[in-house]
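Below: the structure, in structure tokens.
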Amino acid sequence: MSQFDPNLFKLAMRRAATAVSVVTTDGPGGRFGVTVSSFCTATAEPPQMLACVWKTGPAAAAIRENKLFCINVLARSHRHVADSFAGRIERWRNDRFACDQWKTLATGAPVLHEGMIALDCSLVSELELSTHYVFVGHVESVAVNDGVPLLYSDGHYRRMAERDQVSADDLLL
Ligand SMILES: Cc1cc2nc3c(=O)[nH]c(=O)nc-3n(C[C@H](O)[C@H](O)[C@H](O)COP(=O)(O)O)c2cc1C
């Protein structure tokens, strides 16, 4: 049983800064994408990624059927892509891919044209966890372009200053 206010947990998760991606899929289950901040590397060897996708939305059902997905990690210049795939832009709500240009790599999942990072995966495992599916994918292809990552924290998109590194002087050894 939880020993704390559930709102405190939500506040804690809001406060954390995350990268922002659009997880896309295509195949017999349809072409869909969803804006996702819950993603990370699962293992480096073999190269595997993990993404948590809301169970009831169309993207989760399509990923399960297509057995593939691409994690498109967004640069700050691709904020319109994040908003489109979160259903926040009225004119793109019925065709969210219309927000930008797309190509494919190994699996056939949509890859953002000139996106910062694309991790093109075949589905290797799925875990139904309450409201979400946790998808694990084996990385079949990678594309990388220059860019500054788009961040999200406290309900807002944030920018990272290119040269703003944490100094070693801050360490108490
Ligand atoms: C910055 C950001 C991060 C998000 N992260 C996730 C996530 O990790 N997993 C998820 O299932 N939905 C996430 N969402 C929510 C979905 O993108 C969005 O709610 C979903 O597409 C529902 O929109 P719709 O009902 O218009 O399709 C996130 C939304 C935003 C704006």
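The table below lists the values:
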| item | result |
| --- | --- |
| Lys55-Leu8 pseudo-label distance in nm [points 7 Å out on the Cα-to-Cβ vector] | 2.7 nm |
| Cα centroid separation, region 26-83 to region 110-173 (Å) | 11 Å |
| Stretchable slack from Thr131 to Ser38, in nm (0.36 nm times residue separation minus alpha-carbon distance) | 32.2 nm |
| Those chymotrypsin sites (Phe, Trp or Tyr not before Pro) in region 1-73 that DSSP places in a loop and that have at most 16 other beta carbons within 10 Å | Phe4 |
| Debye intensity ratio I(q)/I(0), log10, region 10-159, q values 0.17, 0.20 Å⁻¹ (C-alpha model) | -0.94, -1.33 |
| Spherically averaged projected area of region 84-153 from its Cα convex hull (nm²) | 6.4 nm² |
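No value in this document is a laboratory result; all are computed from the given coordinates. This is a predicted model, so every value here is computed, not measured. Glycine also receives a Cβ, built like all others from the backbone with ideal geometry; neighbour counts cover every protein chain displayed.
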